[in-house]
Every structure is written in C-alpha cells, then in structure tokens.
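Below you'll find the structure, written out as structure tokens, and then a few comments.
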Amino acid sequence: MYDDTAKIEQIEKALQSEPKNVKTETISLALSIADAEDRDLQLLKITEFLAIKKDWNRALGTAQLIESSYERTDALHHVAAKLALTGHLERALWIFNEAEKQALTAYSNWQQAELLQKLAKSLVEIGATFKAGELLEKSVFVAEQGQESLNLQDSLDASSVLAESILIFASFVGTKRAFALAKTIRNDAIREKTLVNLAEHPVSEKLAA
Amino acid sequence: MENQETEITLYRGLNGTNPSSFRVDEDGVSVFEFPIEGYKFNLQIRAIYKDEKTAGTIAELIKPTLTKGFAEFTPQFGEGHWSFKFPDLGSFEIKEMLSRYAKSVLK
C-alpha cells in the first residue's frame with residue numbers, strides 16, 4: 001500500500017502548465033513514486049511530453065527508466081512515431097526495432113500481439129509497409145498462440161487482437177490468406193464476425209511487395 | 001418476474017492496474033460472472049439488470065465513476081460472458097477510466 005497521490009498530482013500539474021520542457025526534478029519525482037505501476041505510468045506520460053517537445057534524447061532516456069514492458073514499448077513507440085513524423089526516419093526505425101523487442105516481453109500474449117499491431121499501424125502511416133507487414137505477421141502468430149491459453153479471458157482477448165490484426169493484415173496478404181487465418185480464430189462469435197467483415201470489405205491489392 | 005431487479009457481480013482478471021491491463025475492442029471489455037483464476041487481482045464491478053437474463057440483456061453499472069457505461073450479456077463469447085460498453089468513449093479513455101477505478105479499489 002503506497003500513497004503517491006501528491007507526487008502524481010504534482011507531476012500532472014507540472015505537465016499541464018505547458019512548460020517549454022520538463023524539469024529534471026519532475027523526472028526525479030516520478031522515479032521516487034513507490035508503486036512500480038504508478039511510477040511507470042508517470043514516466044510514460046513524461047516521455048510522451050518530451051517527445052512532443054522534440055527533446056528526443058531525454059525522451060528516450062526517460063523511456064528506458066520504465067520497468068514494465070508494455071509501458072516501455074508504448075513510450076518507445078511514441079518517441080519513434082514522433083521522430084518519423086519530423087523526418088528522422090533512420091533513428092525512428094531503430095527505435096521501432098527496440099520497441100518490437102520490448103513488445104515481445106509483455107506479460108500476456110494478447111498484450112504482445114496488441115503492441116505489435118500498434119507498432120505496425122504506425123509503420124504503415126510512415127510508409128514503412130514492409131516492416132509493418134512483418135510485425136503484423138508476428139502479431140497474428142503471437143495472438144494465435146495466445147488464444148490456445150486455458151485461461152478463458154486471456155484466450156478471448158487474444159482472439160480479439162487476432163481478429164483486428166487479420167483485418168489489417170488482409171491489405172498485405174490479400175483476402176484469400178486473410179480468410180484462411182480468420183478460420184483459425186478459436187472463438188466462434190469472433191471468427192464468424194471476422195469472416196463477415198472480410199467478405200464485406202474484400203482486399204485485392206497488396207500493400208507490401 | 002417483470003421488472004424484478006437482479007444484482008450481479010462481474011469480474012475482470014488483472015495482473016496489474018494500469019490501462020494496459022484492459023483489452024478494449026469494438027465489442028467492449030470482456031468480463032465474467034465468476035472470478036477468473038490465474039490473475040493477481042479480480043476486479044469486481046456490481047451491476048443491476050431487470051427481468052430475465054437473456055443474450056443482449058443490459059445491466060446498469062452501479063459505481064458512480066462508471067455510469068457512462070453499461071454491461072451487456074454476451075454469452076456468445078463464452079460462458080457467463082458480459083461486455084462492458086462505454087459508447088461515448090474511445091478505447092484509450094475506456095482503459096484510463098477502468099484503470100483509475102481499479103487503482104481506487106485494489107490498491
């Protein structure tokens with residue numbers, strides 16, 4: 001039981017006051033939060049803020065302080081996406097790769113698959129379609145594994161991510177393969193819905209060569 | 001039986017309380033009528049529905065912080081499955097709100 005409320009409020013206030021940049025004291029304050037989850041969440045918010053301010057090195061440094069794989073991936077993703085939008089493609093792709101590695105260490109298969117899908121969507125936006133296709137393929141693979149879980153909730157969440165990833169992946173591999181993948185969705189209701197979605201929105205062109 | 005109110009407890013298994021612990025898709029957030037084994041926490045949320053429970057039955061969430069949403073009985077996704085839906089909120093906002101709620105009751 002920790003009460004870090006005052007510290008969290010102080011950090012939120014500091015970020016909301018729209019400073020030109022984040023003071024080192026604010027990062028130190030986040031690091032002093034006792035609860036690991038709350039600490040990671042505040043470090044993620046600071047990273048996002050630093051990326052918006054284009055303070056890339058400090059944004060990356062703050063992201064690396066995050067313990068949880070999911071939040072660290074999210075933070076790296078945010079920095080990479082912002083970097084790419086400002087034309088720093090080479091560095092952005094390097095960070096996307098780091099984010100991919102982190103994503104694969106997230107706790108649940110559905111979380112890993114969800115993160116890979118998020119990264120892939122951003123890569124599509126910046127025109128890195130080949131890499132996006134690779135990540136979607138991994139997202140599909142990891143989600144397929146996840147839905148084999150004996151845990152009902154985990155299995156269902158994995159099927160949910162799988163359905164979404166297949167619908168995006170269809171643009172890369174065509175409707176025929178997407179249909180074949182959709183048939184592997186374990187949950188009957190999600191599988192039927194995905195097959196209907198694919199039938200209603202057929203994809204004929206491949207995004208990635 | 002008409003207009004009879006039934007109060008139920010719905011459960012979401014969680015390994016943490018951050019927004020990343022909640023999977024949100026177009027059908028909402030999966031919750032169940034029974035605790036799910038294998039998680040660090042089981043977040044409990046109370047809800048009330050009227051009349052007999054059938055697929056599509058809507059239950060009102062009791063917690064004031066969650067009144068923007070409702071639970072729909074969706075057994076097609078699994079035994080005892082309900083979907084939390086928050087029609088006016090995006091996926092990110094739903095995750096943030098449920099995370100705040102989880103932190104307030106579990107920590």
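What the table below lists for this structure:
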quantity	calculated
Subset of the range A:46-97 [more than 20 Å from A:Gln112 (Cα to Cα), without any contact (Cβ under 8 Å) to a residue 24 or more places away in the chain and aromatic (Phe, Trp, Tyr)]	none
Condition met for B:Ile36 (free of Cβ contacts under 8 Å to residues at least 40 places away in the same chain and at the interface with chain A (Cβ under 9 Å from one of its Cβ atoms))	yes
Enumerated strands (runs of 3 or more DSSP E) restricted to the range B:1-104, each holding at least 1 residues that are over 11 Å from the mean Cα position of the chain (by Cα) and among the hydroxyl-bearing types (Ser, Thr, Tyr)	B:5-14, B:41-50
Residue in the range A:140-150 that is crowded, with 23+ Cβ neighbours inside 10 Å and farther than 21 Å from A:Thr129 by Cα present	yes
Counted residues, the range A:56-75 - those being more than 14 Å from chain B (Cβ to nearest Cβ) and within 16 Å of A:Asp40 (Cα to Cα)	8
Total residues in the range A:30-50, condition surrounded by fewer than 20 Cβ atoms within 10 Å (Cβ to Cβ), assigned to a helix (DSSP H, G or I) and away from every other protein chain (no Cβ under 14 Å)	1
Spans of helices (runs of 4 or more DSSP H) in the range A:82-180 with at least 1 residues within 14 Å of chain B (Cβ to nearest Cβ), at pLDDT 95 or above and under 19 Å from B:Gly78 (Cβ atoms)	A:109-125, A:129-146
Among the candidates B:Ile8, B:Ile45, B:Ile62, B:Ile58, residue that is away from every other protein chain (no Cβ under 11 Å) and buried (at least 19 other Cβ atoms within 10 Å of the Cβ)	B:Ile45
Residue ID - surrounded by the fewest Cβ atoms within 10 Å (Cβ to Cβ), chosen from residues in the range A:181-209 that are modelled with pLDDT of 95 or more and hydroxyl-bearing (Ser, Thr, Tyr)	A:Thr184
Residue count, the range B:79-104 (criterion: farther than 14 Å from B:Ser20 by Cα, of a type in the set (Gly, Ala, Ser) and in contact (Cβ under 8 Å) with a residue 24 or more places away in the chain)	3
Qualifying residues in the range B:65-78 (those that are among the polar types (S, T, N, Q) and in contact (Cβ under 8 Å) with a residue 12 or more places away in the chain) - the one farthest from the other protein chains (Cβ to nearest Cβ)	B:Thr65
Only one of A:Ala128, A:Ala92, A:Ala84 that is farther than 18 Å from B:Phe92 by Cβ and in the same structural domain as A:Asp154 (by TED's automatic domain parsing)	A:Ala128
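This table checks each residue for (1) within 26 Å of A:Ser165 (Cα to Cα); (2) small (Gly, Ala, Ser); (3) surrounded by fewer than 22 Cβ atoms within 10 Å (Cβ to Cβ); (4) touching a strand residue (DSSP E or B) at 6+ places or on another chain (Cβ under 8 Å).
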position	(1), (2), (3), (4)
B:Gly13	yes, yes, no, yes
B:Ser20	yes, yes, no, no
B:Glu26	yes, no, yes, no
B:Phe34	no, no, yes, yes
B:Phe41	no, no, yes, yes
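The values are calculated or read from the model by the stated rules, or taken from the named source; none is laboratory data. Quick caveat: nothing in here was measured; it's all calculated off a predicted structure. Heads up, the Cβs are rebuilt from the backbone with ideal geometry, glycines too, and the neighbour counts pull from every protein chain shown.
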